[in-house]
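The values are calculated or read from the model by the stated rules, or taken from the named source; none is laboratory data. Computed from a predicted model, the values in this text were never measured in an experiment. Using ideal geometry, Cβ is built from the backbone for each residue, glycine included, and neighbour counts are taken over all protein chains shown.
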Amino acid sequence: MNSLGYNEESIAMMELSLCDGIGPVLGKHLLHHFGSATAIFQATKKDWDQIAGLSQKQAFQLHISRENQLKTAKKLAETHVQLGISVTTINGDEYPYRLKELANGPLLLYCLGSNNLNTKRIVGIVGTRKPSPQGIGLTKKLIEELSTFDISIVSGLAYGIDIVAHQAAIDLGIPNWAVLAHGLEQVYPSPHKKQALKIIDGLGGLISDFPAHTKMHPDYFPKRNRIVAGLCDALLVIESGVKGGSMITASIAHGYSRDVFAVPGRPSDKPSEGCNFLIKSNMAQLVTCGKDIAEAMNWTPNIGTNPAENTNHSQMSMFSKLNPIEQQVMHWLLNGVHNPDDMLSQNQWSASHISMALLDLELKGLITNLPGNQYMSMI
């Protein structure tokens, strides 16, 4: 079982995580005191009684596990091996260092696929389950713009922005991980099983701190969100209401001192209320393109990478169908000129021509209008 990380210590850690009432904080306290999960179960009741914060009920749970010879964890380990699910524990070298620094980081993680969660730069992406066409386009665009900065993606495989982000990462060959709120023998939502298999077959994987056959429960999703928030260096929110999982994740990430970014929207746009709130309350930085995030994070692109080389033939064909002023406006937008007044100052076209071109491009779904009379390309 060693190839998947199962040994005496990791099985003891699994059993510890399954003890009722012993969460990550108390679990780490016990590990610090005894040195290992194995030593915790080898200790006497007298040893346990000396631990501040360990109640009699919790000590009894440890006693029951020891009396049963850690049978629950051993059986789960056998199941996981049959399913190809690996385990990494908080005292292991492969455990994500970003989670290790958190007081409530999970004691262990289960994984299907790659468990290399210590990649150079990880961007968490979350958002509404019912995104607008603009939100979908923005998600794809921002990930493509960030792809030159050697990033990995983490999200929750949920409907909406989550699955759009996963699919975009798959299409671009970017390593990405889906954090699930249940055991890894299943995929929820089931329509996303196709993407889940592609994630596993690619450079990423499915991860969870719940063992196999753990049924879904509403209380588990916030626990999933804390892993998404903790794993990333930067969290990007693309369309969100003022309540829901995305805002919980953003709040957790902010509490973890992660850099949070949000795409703004019109005050009247319901899907943007959460993003606007995050920006207004200084919990998130306003972004309109991938470059904004890279500059805020002080990231530099891979040497020799030319973003222009990523432009595909379909985009080139589409540009050829635009009239001259529309082509010029798209050129301005792609080169950082986002305000019609700045376009007018180029002295190439009149204000009416520019306004008409912007309207036509927006109707064609090629650009979107942002607050402050700003426009952004959707390709």
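Quick look at the values:
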read-out	value
Residues of the range 27-49 that turn out to be assigned to a loop (DSSP other than H, G, I, E, B) and of a type in the set (Ser, Thr, Tyr), as a count	2
Filtered residues of the range 247-265 (kept if in a loop (DSSP other than H, G, I, E, B) and within 13 Å of the chain's Cα centre (by Cα))	258
All helices (runs of 4 or more DSSP H) inside the range 321-379 with 2 or more residues being at pLDDT below 85 and not assigned by TED's automatic domain parsing to the domain that holds residue 276	324-334, 351-363
Scope the range 25-42; condition β-branched (Val, Ile, Thr) and more than 13 Å from residue 14 (Cα to Cα); matching residues	25
Count of residues meeting criterion [loosely packed, with under 10 Cβ neighbours inside 10 Å, at pLDDT 80 or above and part of a helix (DSSP H, G or I)] in the range 278-320	0
Lone qualifier among 10, 65, 86 - being under 25 Å from the mean Cα position of the chain (by Cα) and surrounded by 14 or more Cβ atoms within 10 Å (Cβ to Cβ)	86
Every residue from the range 66-80 that is in a loop (DSSP other than H, G, I, E, B) and either in contact (Cβ under 8 Å) with a residue 40 or more places away in the chain or farther than 20 Å from residue 45 by Cα (or both)	70
Residue within the range 139-147 that is closer than 19 Å to residue 292 by Cβ and without any contact (Cβ under 8 Å) to a residue 60 or more places away in the chain present	yes
Check on residue 59, free of Cβ contacts under 8 Å to residues at least 12 places away in the same chain, over 29 Å from the mean Cα position of the chain (by Cα), farther than 30 Å from residue 201 by Cα and part of a helix (DSSP H, G or I)	no
Yes/no for residue 197 being within 20 Å of residue 153 (Cα to Cα), aliphatic (A, V, I, L, M) and surrounded by fewer than 16 Cβ atoms within 10 Å (Cβ to Cβ)	yes
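Residues checked against (1) charged (D, E, K, R); (2) without any contact (Cβ under 8 Å) to a residue 40 or more places away in the chain; (3) under 30 Å from residue 100 (Cβ atoms):
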| site | (1), (2), (3) |
| --- | --- |
| 232 | no, no, yes |
| 236 | no, no, yes |
| 245 | no, no, yes |
| 255 | no, yes, yes |
| 259 | yes, yes, yes |
| 270 | yes, yes, no |
| 288 | no, no, no |
| 298 | no, yes, yes |
